[in-house]
Each structure stands twice: as structure tokens, then as C-alpha cells.
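Chemist: Okay, here's the structure, questions in a sec.
Values in this text are rule-based calculations from the coordinates and carry no lab data. Every value quoted in this text rests on a predicted model; they were computed, and no experiment measured them. With ideal geometry, Cβ positions are generated from the backbone for all residues, glycine too; neighbour counts draw on all protein chains shown.
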Amino acid sequence: MYDTRDAIDMMNFLRKLTPFYYDTPYKAYYLYRVCSNEPLLKLPSSELMPSLHQAAQVEAAAVHDHLVGIDGTANELLGWLMAANKSLRVMAIAGPAGIGKTTLAMELHRRLRCQTHFQCHIVANFSRKLHRSKFLLQTILKQIIEQLEAPSSPNSSEITMLEDDLELLARNISERLKDKRYFALIDDIFDESDLEMIKGAFPNKNFGSRILFMARDVRIAGWCLSNYNGVVHKMKPLDDSDSEKLLRTKAFSSMDGCLPDNLRLLCDEILNMCRGIPLFITSMADWLKQHQQQYGSSAVPRVEQVRLLLKQFEHWLSFDYSDELRQSSLYLSMFPQGYVFDRDQLVMKWEIEGFNLFSRGPSFQEEHFSELVDRNIITPAAENYGPNLDEDDLCQWQVNPFILRFLASRAVEMGLVFTSSTLTSAPSGGGNTTRIARRLALHHPDPQLPAMLQQMDLSQTRLLLISGAVDRTTVALDKFGYLVSKLAPQIKELRILRTLDISRTNISEIPSEVCDLNYLEMLDLRGTRIRHLPEKDKQLTSLKRLDISHTNISEIPSEVWELKHLEMLDLRGTLIRQLPDQIVQLKSLEHLIVGSAGAGSGMIYSDQTVLTKIPETIHQLRYLKTLAIIDLSEFFVKSVQSLGDLEQLEVLTITWSFHQCSDKDYQQALRSSIEGWWKLKSMTIHCGLGCSMEFLGSLTEPPENLEKFKVIAGKFSRVPQWIERLHRLTFLQITVCKQVADDVKILAGLIELQRLVLGLEFIPEKAILIEKEGFKMLERFSLDCPVSWLTFEKEAMRKLTYLRLNLHASPASEMSVPSGINNLKELTEVTLCYNVRYTNSPNIKTTTDAVSKEVDKHSNTIDLFINGIREDVIRSSDKKGESATGSEVDAAEDGAQAADEAAGALRIAIQVQSEIEVVGDTESHT
């Protein structure tokens, strides 16, 4: 938990804040209002408004503007919405805040209004106030009354405002729409309860009505369609070309002409910060445009002005979410721009800081991390999933660079985190010029830093992070070696330092003074050039976590084995070949990670991995929760059986040799140990190539808490029966050698299974049928089979978003190809992989052609990759889009008239929403 000083700082800070819903993207438009107080940053004359309806009004007034990056998408989605289908069709647009959901939705609304006749148009969004469902239903009902009933209808509005019964409101709406063709646009679906209250309001009477939902969470978007015929469109950030086009078009009104070098570099930096998020790009573009208009086209904003702009924007923001999210968000300001991390590393750092995430269990931690992603605070570092399906372990993350500036400034105001960039604005402590920094992050090799540190009170510093110079995509080796050496005399001042993180630097030696940090709990040397640890390590009596992964260390000093409180030791990617028997002296050790892979992925790269040998007495460490990778190939039978004593084990990765697979004593020893690991959640077994793991099929008491089970290179004759008892299994990787009908049923019945990597070492005699009843939660499916003869029924794998097929040159007929892919309603990506030597194989050609045709027929926009290269699929719906676009040109006058009508309707909607929320506020205070 935060200490007393942190709590006082946070309380004082929160008193200054005005309420703000941080997850409402349209508040970003107030950037310009805030900046209006600064004469050098005067607002543009045009009004930029934050609400959905006001944003829609701007869109309606600019119907002829070119929509950067979404015009083609709009045409494609329009084709689906305009299909000659009398049933109710529902589309959900999903994506994080600021990604452009509302812009796309309003463009679809505009085009539909120009080309299709609806008797009623509804545009509404969920308020962030109390009674949000009531406000929404009242807004919808009032819009319907004003459009469908005579203006003289007595007291209809007053009667509506008195209806607080949600079921009555929904029934009232449904009654008025039951014989109408209507269009409804509902923004900001936040959770399932939002839809639960309004799902009865929209009747399906086969009049060709359409509903368009918007949500940040893809899962919520999918839930919106649970009772409807519909599709989910997942928004993506703009690519580099569209990002530049949007910025330059908005800021300079044209892509023509060359920018001066200094202005071009500034634009490149802005684009780097915005990461393809349209709201951020347009916000900065409008400021650039105003600056050019005021000071002339040759004037280039100074870096100080940009910082001032960001600072003023940041002052407007505050944190209207849970304490846990606020704390963890502020902690992210420790990282420099471009700093790449994985989920486990971040969670571990949170734990050291004592955030209240761990008392609530792993599921809460996962939801918490997902919320940071949904709010666009954390973003993927790159398209770095690669061909491996286990992206939970491989995906790299970074803090959204646009948000990072705000977080860093907030953290400084609260006195929680100081970075090398914010030291100059750090508040002084004790009424003098001495600064107090409880968390200090040094990112830039500034020669003035040592002198600045001399003026700081380091006695209260609990975390010190020194990172490398960061470019746009990677964290390079830095020039901080000099800083560590100059810090050495001051290290003793860091009396209560708990975390020292100098990972990914070019530091080659640790000052011996580090060993005087008696309160140090975490020492992170990951990815440095260090070859040796200090000899006085045993003085670090409070040390709990030691990470020396991916260093040049080849031997661990004997003093390390005297660290009685050490809980985590990470030796991945080192040159350490063997651990001594003394490791069993670490009685508190919970996590031991060796090899080149993490505890989760358990991947072995034979060309670069040093498999560190672990002593056979390892079973004496009774508190071990994570053990990866342990090479059992040279263990005696008795030692394998003794591993069953590790009753606290939760994560295990082992290697299992070919001779052990065929030895009955070893088989029994491993079975016995597995049945003793009743807390086991993740198990990965690396087998000798072609090993038969059939002996595991006779397990009588498998670990029923197992969430991940991977057998790599080993084979089963069929899916073991006991797998159907693993009701918590979310990830499964397995290879089977025979086609058994019940196997598919076993896998389909795993109610929590989200990811499946299935190897089939046989040519199917008939199609493998995927029925609609099973695989309720499956999101990603990878199949490696000589002939990918799969058939997906309608409504099969309802949550599947990713399909990967590994193809072979085995002979196959035109019938034995995948079919029904267009029945996978949530699918967004299909990947085909094969050996390039078999490019001209008839089976390869037949299968790729069949899959391409299935993708073409799909109602979603599918990304098709063949051997890692994205293929351009010519979709039949493109022709419809072109036809629709042609209709727009032919009906220009009708479109302009419809746009005027839309603007009028939207003005009414704004007034209605305001009236309802005012009434709601009045009611909530009476």
C-alpha cells in the first residue's frame, strides 16, 4: 500500500480536482478552451464541442469533407446495412476512446439517410450520470414523439418525463416503433447492464430497421448482438500514411508542398505521440493550424509551446475512476516514452508498490490490466504477435505517449513520481530548495543530472529507475554508465529504497554501495551488460526479487544463497549452466525461472538456449509456485517423483526426453507428481520429437484448476478423457494421431477455452464438423493438419476472432477444404502458413483459393495473411460500395437536403438530452 506521505499527498491533490469523466473522449476538445487563456495559444474561431450530438452536428455540417482513413470502411459497412433484408439488422462498432467510432457511425447515418427512407431516426448516447438507462430511454422516447406525433399532441413530453419505470419506458418505445422502419444510433454502451435495460425497446417486425451500437469493449459489442442478426466492426488506429494525411490536411489544408525541415520534424513527433488515434491527431492539428494562421506559415511552434499546450490540456484532466486505476496509471509515468514491457513485468512492479490489486485475486488483476488497455492508457507496442498463438506471453505493451505526458505531470504534482524531464518542476520539500522524490525515474543522459541529484533529498526515495535512451519503437542501450558511477557516493542516501531498476542499459558493473541498501526489495538488472554481481549481496537482507535475465552473468556468487527473503529469481537468457545445491537454502523462494522463456510461454529456442541444470533436491523448496524451465532429462526416477512434494506449484515448464516417454517407471513418476500438484494452473511439457505422451491419458486425478496445458512435440493417440474435467482451462495445445469422433466433443465442451492449438497427424476420412453448440468462449484457433478439412456450421465458434491453418502438400480433393468460414461471425483475421517449397502443390493452391473465397463472402472485414504477407481480397461487397457511392453523386441535392434535416433533428436531440439531464439532476437532489 502507499505509505502515509503518499496518502496525504493524494488527498491534498484530489481536493484540487474538478470532476471529469476521463474515459469520455470528447472532453479532449476542451483543450482549446483551456489554452485560450494563453495569448500565444488562442482558440480557433470555430466551436469544438464534446458531446456526441454536437460532434454529429459538426459532421452533418461538413458532409462533403473527405473522411481520412474511414471512407472505404464506411462504403463497405454501408453495403451490409443497405442489404435488401427486411429483418432487423444490428451493427456494433467497437474500439477504445478517441479511435473514431462516432465519426464512422455518424457518416454511416448520413449516408443511410441520403439513400434510404426511415420513418424515424434516433440518435442517443448513454450519459455518465446516475440513472443512465432512464435518461437514454427518455431521450429516445421524446425523439420518437417529436418525429412521429403531431406537434399539438397534448402534454406528451410532460407525461414522458414522469415515467421512471424502465420497463414501462421500453414498452412505450416498442409500441410506437412496432409498425415503423426506424434507424437507431446508440453510443457509449459501457457494460451489459446498459443493454439489459433497453433490449426490449427495439421491435423486430421485418420492416428493414437498423440499429447501430458503439462500445469500447469488443466483448460488450459482441453481447449487443446476442439477440440480433448482426456484425461487429472493430476499429483500428490509422496507419502511418492516413495519420500523416489527417494531420497535414487538418493543419495545413493540403498534402501538397514540402514542409520546412523543423516543421516536418515537429509533425513527425506529434504523429509518434498520437499513435494513429484520430482524436489526438485532430486535436494537435487544430492547434497547429491556429498557430500558422496567427503567426504566418513560416512560423514553427517552439518545443516550449508544445509543452505548454500539453501542460494546459493536462490541467483540465482529472481522474474519475477507481483508486486502483488511478494509482497504477500514475505509476506508469515511471516509464520513458517508447519503453516496452510485458504484462507480467508490470504486474510484478505493481505488487512491489503494494497496490491493492493482489488481495482480490488474479482475475481482478487481469480485468484491471484490460481496463487500462480499453481506456487507451496502455497500447500494443507493435504488431509483434508473430506466428505463435500464445500472444498473452509474447505481446509487448507501452504507455500511450500522448497520455504519458499527462501522467508524468500529475505524478509530479502529487509528489509521487519524478522523472528526469520533470525534476525542474518538482515541488520543494521542507520549505527549502531541497527536493524530495519518493519515486525517481531517470530517462535521459543529461550531464546536469548528477548536480541536480546532489540537491535532492534521497532519503525518502523508495524507487529508482534508470532507463536507456528511447527511440520510437525500441529501447536502445543508453549512455547511463557514467551516471551510475557518479551516483555511487549518493547511494547510501537512498536509505529506504525498495526498487532499483536499471534494466536495458549498457551498465557493465554494479557499484558495491548498492549492497548497503538494507530495504531494497527488488533489483532489476535485466538486459544489461553486467557480468558479475557484487560480492556483498548477502547484505541485501530485504531483497525479494532479483532479475538478472538476458545478462552476461555466468555464475552466481555464493552470497546470493544466503538471502533468506528472496522470493523470485529470474535467470533467463544467462550463461549460467548449473545451479548449486545451495539453492535449497532459499526457503522463501516462490518463483524460479531459467532457460530463455518466461514462466507462461515456456518456449525453448534450441539454437540459443542454455538449459540451466537444476539440482534434483529442488523439491525441498516447498513454497515454489513457479518453476520454469526444469530439465528432467537427467533426473532419476525418484527425483521426478519427489517433485510431487511441491504442493504450492502453480506454473511449471519441463523438458521430457524420448527415453523417459518409453520408460514405465518414469511414466508413473510423472503421473504421480502431476496428481500431487493440485494447485497447478499452467503446465508446459517440451518433449523429444515424436515422443508418445499416451501414458498421461491414464491420469486419475488431474489438476482441476489447470488453466493452461501445452504439450510441445509430444503426441497422443486421442484427446485424453480427463481433459473434459478441466472446467477452468483457457489455453490448450495438443497433438493427436487418430480421428476419433468424441475428441471434438470433448474440446467443444471446455466451457472456458479461449485459445486452442490443435495438431492432427492424420488425413481426415471425412470433414471435421464444428457444430454450433460447443466452443462458446473460443477466441483463437490454430490447426496443423495434413488436410484442413474443416466445416463450420452456422453460429459455430461465436466468439472466434482469429483462425490459423498450417497447410501441407498432402494430396486432397476439392471437397476436402475448409468451408463455412463465413459462418464465424466475429472473425477478423485468417492466417495460412506453409513451406514455400510447396507453393505449387495442388493441395496448397486448392486450400488457399477456397479460404480466399470464404473470406470474400464474409460479412466482416477480414485480414487474410499468407505466410505473413497480407493479401488484398477483392470483396463482392466492394461493388456494392461503389454503387452506393455512385448513388451519392447522383443524388447530391437529395443528400444536401437530408443533411439539413439531419442537422435540425440533431439540434432537437441536443435540446432533449439537456432537458432530461437537467431534470435528472434536479430529481437526484430532491
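Chemist: What FRET efficiency comes out for the pair GLU167/LYS745, r = Cβ-Cβ distance, R0 = 41 Å, nearest 0.05?
Modeler: Approximately 0.55, to the nearest 0.05.
Chemist: Going down the table (LYS101/LYS349; LYS134/LYS794; LYS664/LYS715), which pairs top 27 Å between alpha carbons?
Modeler: Details: LYS101/LYS349 34 Å; LYS134/LYS794 36 Å; LYS664/LYS715 17 Å.
Violating the 27 Å Cα-Cα cut-off are LYS101/LYS349; LYS134/LYS794.
Chemist: Any of LYS710/LYS738; LYS236/LYS799; LYS679/LYS708; LYS708/LYS825; LYS86/LYS825 with alpha carbons more than 22 Å apart? Name them for me. The partial results should precede the final answer.
Modeler: Working: LYS710/LYS738 19 Å; LYS236/LYS799 19 Å; LYS679/LYS708 12 Å; LYS708/LYS825 26 Å; LYS86/LYS825 20 Å.
Violating the 22 Å limit, Cα to Cα: LYS708/LYS825.
Chemist: Further question on the same structure: Would you work out the charge dipole size for the range 567-708 about its Cα centre, treating the Cβ of every Lys and Arg as +1 and the Cβ of every Asp and Glu as -1, and quote it to the nearest 20 debye?
Modeler: Working: 12 positive and 18 negative charges, 37 e Å.
It comes to approximately 180 debye.
Chemist: Measuring from label point to label point, each 7 Å out along Cα→Cβ, what is the GLN582 to HIS727 span in nm?
Modeler: 4.9 nm
Chemist: Can you compute 3J(HN,Hα) from phi for each residue in the range 334-341, using the Karplus curve 6.51 cos²θ - 1.76 cosθ + 1.60 with θ = phi - 60°, rounded to whole Hz and x for Gly and Pro?
Modeler: Taking θ as phi minus 60°, the curve returns 5, 7, x, 4, x, 5, 9, 9 Hz for the range 334-341.
Chemist: Next up: Note the full-extension length gain between LEU265 and GLU509 as 0.36 nm times their separation in residues minus their Cα-Cα distance, in nm to one decimal. If you can, show how the numbers build up before the last one.
Modeler: Details: separation 244, 0.36 × 244 = 87.84 nm, distance 3.68 nm.
So the chain would gain 84.2 nm between LEU265 and GLU509.
Chemist: Once amide H atoms are built 1.01 Å from N in the peptide plane, which residues 5 or more positions from ILE466, or in another chain, come under 5 Å H to H?
Modeler: HN-HN under 5 Å from ILE466: LEU442, ASP501, ILE502, SER503.
Chemist: Shape call for the range 755-878 from the C-alpha gyration tensor, a ≥ b ≥ c root eigenvalues: rounded (a/c under 1.5), prolate (a/b greater than b/c) or oblate? Could the numbers behind the result be given before it?
Modeler: Working: a/c = 1.57, a/b = 1.14, b/c = 1.37.
Taking the square roots of the gyration eigenvalues as a ≥ b ≥ c, the range 755-878 is oblate.
Chemist: Right, next: Fewest first, what order do ARG531, ARG837 take by the number of other Cβ atoms within 10 Å? The partial results should precede the final answer.
Modeler: Working: ARG531 13, ARG837 8.
Going from least to most buried by this count: ARG837, ARG531.
Chemist: Under the Karplus relation 6.51 cos²θ - 1.76 cosθ + 1.60, θ = phi - 60°, what is the ordered set of whole-Hz ³J(HN,Hα) values for the range 719-728, x standing for Gly and Pro?
Modeler: 5, x, 4, 5, 5, 5, 8, 8, 6, 10
Chemist: Modelling each spin label as a point 7 Å along the Cα-to-Cβ direction, I'd like the LYS853/GLU701 distance in nm, to one decimal.
Modeler: Here the modelled spin labels are 5.5 nm apart.
Chemist: Quick one: if you stick a label point 7 Å off each Cα along the C-beta vector at ASP872 and THR249, how many nm between them?
Modeler: Calculated label separation equals 1.9 nm.
Chemist: Work out from phi, with θ = phi - 60° and the Karplus expression 6.51 cos²θ - 1.76 cosθ + 1.60, the ³J(HN,Hα) of each residue of the range 113-122, listed in order in whole Hz, and give x for Gly and Pro.
Modeler: For the range 113-122, the Karplus-derived couplings read 5, 6, 10, 9, 8, 10, 7, 8, 10, 10 Hz, x marking Gly and Pro.
Chemist: Please compute the length gained on full extension between SER370 and SER87, using 0.36 nm multiplied by the number of residues separating them and subtracting their Cα-Cα distance.
Modeler: Working: separation 283, 0.36 × 283 = 101.88 nm, distance 3.50 nm.
Taking SER370 through SER87 to full extension adds about 98.4 nm, to one decimal.
Chemist: Under the rule of at least 5 residues apart or a separate chain, name every residue whose amide H is placed under 5 Å from the amide H of ASP457.
Modeler: ARG435, ILE436, ALA437
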